[in-house]
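This report concerns only the one structure given below.
The values are calculated or read from the model by the stated rules, or taken from the named source; none is laboratory data. Just so it is clear, the model here is predicted, and its values are computed rather than measured. Cβ placement follows ideal geometry from the backbone for every residue including glycine, while neighbour counts extend to all protein chains displayed. Surface areas here come from the heavy atoms of the whole protein model, side chains and all, with no ligands, DNA or RNA. Shrake-Rupley method; radii C 1.70, N 1.55, O 1.52, S 1.80 Å.
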Amino acid sequence: MNRKDGFSQAILDWYDRNARELPWRRLGGAHPEPYHVWLSEIMLQQTTVVTVKPYFNHFISRWPQVSDLAAAELDEVLTAWAGLGYYARARNLHKCAVAVCHNYGGSFPADEAELLSLPGIGDYTAAAVSSIAFGKRAVVVDGNIERVVSRVYRIADALPQAKPVIKAHADVLTPSDRAGDYAQALMDIGSGVCTPRNPKCELCPVASFCDGFSAGDAETFPQKAPKKKKPTRKAHIFWIENGRGEVLVRRREESGLLGGMMEFPSTAWQEQAPVPDEVEALLTQIGVEGTSKPPVTTELVRHTFTHFHLELTPHVVKAGEAGGSGSNDAFWLAPDAFSTIALPTLMKKVVQSVFKGQGSLDL
DNA sequence: AAAGCGGGGCA
DNA sequence: TGCCCAGCTTT
């Protein structure tokens, strides 16, 4: 006899009473569109529901079927994704849409292992799509469920080492019926009740099953390995404007940080601030030497990535008559067209800084 | 096994 | 400020 007998039923009862409407969710037993479930799950990776909602609605409106998304250009998808972060997700999203159309006739497979083989779909997403969209039993474990399970069992091992142990416990708790509703309910509870700090145990439908609650130390789980401190990198970034009011932009490398997204030219991002010689060299390289006026420096732009802080010093440069973009892949673009390119949030901050510093420009 | 990879919201 | 998030891929 399972010591936690009744756990999943209590979770499902809570769901029937408390589940909220979401654009990708169907209440009352009907299964949502697999395309909607997949798209939402990719967007929700490391991203909050509030942030995802408008992006999800825009994607569904613009690309109603997975075949529409597969037929889109990658750059269109990146542009629509701009601001969501983790841009490899957008590239894999497009690859996955193409694969589903090419290999599965435009219908997502229901099988967890087949889903797992698709680009951008890992353990979590395969289990989530299989259970939520197709009603299959699958053991769904995300960050929320890890926290709930580690508290229910007072798992002493620290993350990420504890992941296999947590998965084994989660497996025992997962019901055969309504595994998708169960998973969504547990995630809702994890994000709204069983919160990282100050959990609302008085509102929790499974407090009576929770070892952490019984011991009065639920909040101390899950244990975590210590984190590294983030270094700070610095660079100079250039808003280079020609006589027509256009600004020089270029595309970043396809792989790596902000892969495939657009940017303004900058010196290398490094912990040591670049010396004036390097700044001069960059301006020469992109072909804007011989400017009549000295650059106007605007407010420092700060941005934090997963593993480092960044401080950019923006400079506004008026390019000379020639104004040629000598560099390979840079091109001129009017600021009112910035919304049509894949501009990440960091670069939007640069735009804001320049506009604030100039006062005369409007977007 | 560990590192790389955005951005926003919250205490 | 630091922490956390409906993680996946690459090394």
Treating only the Cβ atoms of Lys and Arg (+1) and Asp and Glu (-1) as charged, compute the dipole magnitude of the stretch A:7-220 about its Cα centre; round to the nearest 20 debye. 240 debye
Tell me the per residue accessible area of the stretch A:91-216 using a 1.4 Å probe; a whole number in Å² is fine. 43 Å²
Can you show me the helix-derived [θ] at 222 nm for chain A, built from DSSP H runs with n ≥ 4 at -39,500 (n - 2.57) apiece and divided by the number of residues, rounded to the nearest 500. -12000 deg cm²/dmol
So what is the diffusion coefficient of the stretch A:7-220 in µm² per second by Stokes-Einstein at 20 °C and 1.002 mPa s, using a Kirkwood Rh over Cα pairs? 119 µm²/s
Charged-residue dipole, Cβ positions (Lys, Arg, Asp, Glu), chain A about Cα centre, Debye nearest 20: 860 debye
Which percent of the accessible area of the stretch A:7-220 is formed by carbon and sulfur heavy atoms (probe 1.4 angstrom)? 50 percent
Which one, A:T313, A:C194, A:I132, projects farthest toward the positive side of the charge dipole computed for chain A from Cβ point charges (K/R +1, D/E -1)? A:C194
Positive-end residue, chain A charge dipole about Cα centroid, Cβ charges, pick of A:F338, A:A225, A:P54: A:A225
At 10 °C and 1.306 mPa s, what whole-number value in µm²/s does Stokes-Einstein give for the translational diffusion of chain A, with Rh from the Kirkwood sum over Cα pairs? 68 µm²/s
Contact order relative to length for the stretch A:222-274, counting C-alpha pairs under 8 Å separated by 6 or more residues, stands in percent at 41 percent
Percent accessible area from carbon and sulfur atoms, the stretch A:232-358, protein chains only, probe 1.4 Å: 49 percent
With every protein chain kept in place and ligands, DNA and RNA left out, what is the accessible area per residue of the stretch A:232-358? Probe 1.4 Å, answer in Å². 50 Å²
Enter the mean projected area of the convex hull around the alpha-carbon atoms of the stretch A:232-358, in nm², rounded to one decimal. 7.5 nm²
Long-range lysine pairs (8 or more apart or interchain), the stretch A:232-358, Cα under 18 Å: 5
To check you understand DSSP bridge types, tell me what percent of the beta bridges within the stretch A:232-358 (both residues inside) are antiparallel, rounded to 5. 60 percent
Estimate the FRET efficiency between A:Q45 and A:Q285 by the formula 1/(1 + (r/R0)^6), using the beta-carbon distance for r and 56 Å for R0, to the nearest 0.05. 0.90
